[in-house]
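Novice: Okay, here's the structure, questions in a sec.
The values are calculated or read from the model by the stated rules, or taken from the named source; none is laboratory data. Here the structure is a predicted model, which is why all the values come from computation and not from measurement. Every residue, glycine among them, receives a Cβ derived from its backbone with ideal geometry; neighbour counts consider all protein chains shown.
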Amino acid sequence: MKRTIAIVSILGGMVLGATVLRDLVPNTEAQTAPVVAPSAAPATTFNETRALLENEKNSVGVIKNNQDGVVFVTVESNPQVAQSGSSGSGTPGGQTDPFGQFFGGQGSDIVPGPSTGSGSGFFVNDAGYILTNYHVVDGADTITIKLHSDKTEYKAKVIGTAPDYDLALIKADGLAKNKIKAMTLGNSDLLEAGRKVIAMGAPFGLDFTATEGIVSAVGREIPTGVREVPQTAIQTDAAINPGNSGGPLVNSLGEVIGINTQILSPGARQSSGVGFAIPINTAKNLLTRLEKGGQISTPTLGIRLGLLENLTTRQRNDLGSNLPDKGVIIAAVTMGSPAATAGLKASDVIKQIDALPVSASEDLQKYLLGKAYGNTVTLKILRDGKEQSVTVSLKEYKVAN
């Protein structure tokens, strides 16, 4: 009986508590509105177009709209055959055939078959000029291109090159105007990490392949060109492999924002998820000069440099006081070079070129990339402990043999 009374008391308290709480909570429309049971969703048929994600539709559209502007490039080189006693280039290093004299040969260099390679490119204007990497066409005796819309093979020739930038401009012979689909060149200065990009080209000779990723970083410095001068590049995780070189890297608007050029792949030649592209603005700045033909050469001072931090204490003392802890020192000056004409000497310490502080040889090389023959630069140097300025006129010169 007592247990029953206790339960009743508890229930009574709960009811009372609920009543008190109900009186304290303001009455709203939502609380008093009648509960309506949700109606069943109408059955719909599967619509593939509607099911496509916006990103997928964008990727498909960008590829379709630009694939006819991409070019597949094949190159072939035929090394010269040199007879015995010559320096020949039939084999790497000019090695002679060790078996030729035993098998009726004349001791000539080994004659390899033609070496072939492949790369990519893209139309940059309606005149039919094709931009690619310099390393794709370097040393090629014949260049052949194929188009996405036309499997005919067309012979092409090099119009202009910029070896220090790893860029080349080529043009095909006999290509009809309606086959030329120029791609839109964007503005690589506006890129940000995280933006979507699509790499187009022919990796491993697989014609007209597209891979998608993002801009992983901007302003990344990588060794570029024949002299491997550090230059800014676009880093992307869009798969780039051998054969992609020279192909376009496009954004979600279908604009070319880079030229695929290198991969970072320790111990292997396939993509490891770190690829690099030359910013399209670099190519745009050189395009007019490339169209004029010939080779765009970057001026050099004609000096060999050393690092101050590698000097011994005695060497530093011989150079006088006021030496910075780090920097570059001229180790040698080439006869007839711009540096020699300007009066620069071995043991001069270079502190600055124009307004740019110099702490490594790469600083000088990068700065000179933007210069042309006929320009002048001013070097701030330290000689015998005293600071002075030297104006150097950049000219073309030949190194004496």
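Novice: Can you tell which of Gly213, Gly160 is assigned by TED's automatic domain parsing to the domain that holds Asn285 and either out of contact with any His (no Cβ under 8 Å at 6 or more places or on another chain) or part of a loop (DSSP other than H, G, I, E, B) (or both)?
Specialist: Only one candidate passes the filter, namely Gly213.
Novice: Still on this model: I'm trying to understand the selection: among the residues of region 244-267, which are surrounded by fewer than 24 Cβ atoms within 10 Å (Cβ to Cβ) and modelled with pLDDT of 85 or more?
Specialist: Asn251, Ser252, Leu253, Gly254, Glu255, Gln262
Novice: A follow-up question, please. Taking region 331-385 as the search range and keeping residues that are closer than 17 Å to Pro299 by Cα, small (Gly, Ala, Ser) and modelled with pLDDT of 90 or more, which one is surrounded by the most Cβ atoms within 10 Å (Cβ to Cβ)?
Specialist: For region 331-385, the residue satisfying everything is Ala339.
Novice: Would you mind finding the one in Ala182, Ala210, Ala172 that is small (Gly, Ala, Ser) and within 19 Å of Asp138 (Cβ to Cβ)?
Specialist: Ala172
Novice: Continuing with the same structure: Are any residues in region 289-322 surrounded by fewer than 18 Cβ atoms within 10 Å (Cβ to Cβ) and at positive phi, and if so, which ones?
Specialist: Answer for region 289-322, where residues must be surrounded by fewer than 18 Cβ atoms within 10 Å (Cβ to Cβ) and at positive phi: Gly293, Gly294, Gly320, Asn322.
Novice: Would you call Arg289 more than 30 Å from Ile381 (Cα to Cα) and not assigned by TED's automatic domain parsing to the domain that holds Ala332?
Specialist: Criteria met by Arg289.
Novice: Right, another one. Being within 22 Å of Ala162 (Cβ to Cβ) and of a type in the set (Val, Ile, Thr): is that true of Thr184 here?
Specialist: Yes, satisfied.
Novice: Here's something else I'd like to know. Yes or no: region 268-288 includes at least one residue that is farther than 22 Å from Ser118 by Cα, loosely packed, with under 15 Cβ neighbours inside 10 Å and at pLDDT 90 or above.
Specialist: yes
Novice: Could I ask something else about it? Just give me the residues in region 315-370 being in contact (Cβ under 8 Å) with a residue 40 or more places away in the chain, more than 25 Å from Arg220 (Cβ to Cβ) and assigned to a helix (DSSP H, G or I), in sequence order.
Specialist: Across region 315-370, the qualifying residues are Pro338, Ala339, Thr341, Ala342.
Novice: List the pairs whose first member sits in region 285-312 and is within 15 Å of Tyr165 (Cβ to Cβ), whose second member is assigned to a helix (DSSP H, G or I) and charged (D, E, K, R), and whose Cβ atoms are under 8 Å apart, counting only residues at least 6 apart or on separate chains?
Specialist: Every condition considered, the pairs that remain are Ile296/Asp164; Ile296/Arg289; Ser297/Asp164; Thr298/Asp164.
Novice: Oh, and also: Which one of Val218, Val256, Val229 is of a type in the set (A, V, I, L, M, F, W, C), touching a Leu at 6+ places or on another chain (Cβ under 7 Å), without any contact (Cβ under 8 Å) to a residue 60 or more places away in the chain and closer than 30 Å to Lys371 by Cα?
Specialist: Being of a type in the set (A, V, I, L, M, F, W, C), touching a Leu at 6+ places or on another chain (Cβ under 7 Å), without any contact (Cβ under 8 Å) to a residue 60 or more places away in the chain and closer than 30 Å to Lys371 by Cα holds for just one of Val218, Val256, Val229, which is Val218.
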